[in-house]
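This report refers to the structure that appears directly beneath it.
The values are calculated or read from the model by the stated rules, or taken from the named source; none is laboratory data. Keep in mind that what you see is a predicted model, and the values were worked out from it rather than measured. Positions of Cβ are generated from backbone atoms using ideal geometry, with glycine treated the same way; all protein chains shown enter the neighbour counts.
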Amino acid sequence: MNIKDVETLTGITKQNIRFYEKKGLLTPERNQENSYREYSDADVERLKRIKILRRIDVPIEQIRRILEGEDHRGILKAHLSFLTEKKSDLDAAIRMCRFLLDQKTADIHTQAALSKMGELERKGGHFMNILNDYKKISKTESKKEFSFMPDTLTLNQEEFTEALCKYGMENNLNLVVTKHGMYPKFEIDGIEYEAWREFGRFGAVIICKMTHPELLENEYLDVDVKRRRILRNIHWAVTHLSIPVILFLYWVASSKSLLLAAWLLLPSLALFRFYYRNFRLK
């Protein structure tokens, strides 16, 4: 059967099937006449096992050990302990949020809050883990798209390739161009990107975007699923809403008028977007 049939039978996307193949979790046979992959019933069953294990957040390397015949009970027992610890951290964060919401005053009583955090930490909650998880997700999410200004206008594919390679060398990236052209594709540590040009007042800007951003989730599998969703939303809000909110509050404080602040915010956001698109370097 072909990959489309397998996608229908397992509910796993073609991109993720290819990812599992790349990671060595699946090795389908190839048709000797056309070299197309031919998936067997055993491959489908193997993918279903992978799907079950991924649904409970078992890391790829541990899934590999299970598929290679290692006792799954010992691996799952260790994973259960890990999930239980993560649940304890999240439960502590929820209790802390409720504690802060129950405060009668508008300002947070810092000493009471710190005392409460200390009490919860002694019971197993680790708030530093939440901060570390946010840093991990923020760093990973920032890989989805980045841009830079090349030295030239990249008017042909040779200049485009040269600009990408130079960017990779300057930033110590393992960047390999896999498809040349004016819409090239390249990989950074096995992650595939596609690139294109945009032109602004100050020259060309090369935009690079992941072709399969859903694969980023494999970089923070150790973060609890619910916490992962919350922290991704926080990252989005910090990235996209912090500047507008700060600008709006600034104009309110300066003009003493909500309506005037709203009108002043619009050109400020347009100017900010221009500079963000033309000078963002990552």
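So, in region 167-190, how many residues would count as being acidic (Asp, Glu) and part of a strand (DSSP E or B)? Don't jump to the end; show me each part of the working.
Taking region 167-190 as the starting set, the residues that turn out to be acidic (Asp, Glu) are 170, 187, 189.
Cutting the leftovers down to part of a strand (DSSP E or B) gives us 187.
So the answer is 1.
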In region 136-166, how many residues are of a type outside the set (Lys, Arg), part of a helix (DSSP H, G or I) and under 30 Å from residue 231 (Cα atoms)? 4
What are the residue pairs meeting all of these: first residue in region 6-33, first residue touching a residue at least 40 places away in the same chain (Cβ under 8 Å), second residue assigned to a loop (DSSP other than H, G, I, E, B), Cβ atoms under 6 Å, and 6 or more apart or on different chains? 6/39; 15/212
If you go through 207, 234, the only one that is among the aliphatic types (A, V, I, L, M), modelled with pLDDT of 70 or more and touching a strand residue (DSSP E or B) at 6+ places or on another chain (Cβ under 7 Å) is 207
Residues located in region 132-144, provided they are in contact (Cβ under 8 Å) with a residue 24 or more places away in the chain and over 10 Å from the mean Cα position of the chain (by Cα): 133, 134
Out of everything in region 177-208 that is surrounded by 14 or more Cβ atoms within 10 Å (Cβ to Cβ) and of a type in the set (A, V, I, L, M), what residue ends up being farthest from residue 143 (Cα to Cα)? 204
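Let's see how each residue does on (1) under 21 Å from residue 212 (Cβ atoms); (2) of a type in the set (A, V, I, L, M):
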{"position": "3", "(1), (2)": "yes, yes"}
{"position": "11", "(1), (2)": "yes, no"}
{"position": "16", "(1), (2)": "yes, no"}
{"position": "20", "(1), (2)": "yes, no"}
{"position": "23", "(1), (2)": "yes, no"}
{"position": "33", "(1), (2)": "no, no"}
{"position": "40", "(1), (2)": "no, no"}
Name every residue in region 148-164 that is within 24 Å of the chain's Cα centre (by Cα) and either free of Cβ contacts under 8 Å to residues at least 40 places away in the same chain or farther than 30 Å from residue 24 by Cβ (or both), in order of residue number. 148, 149
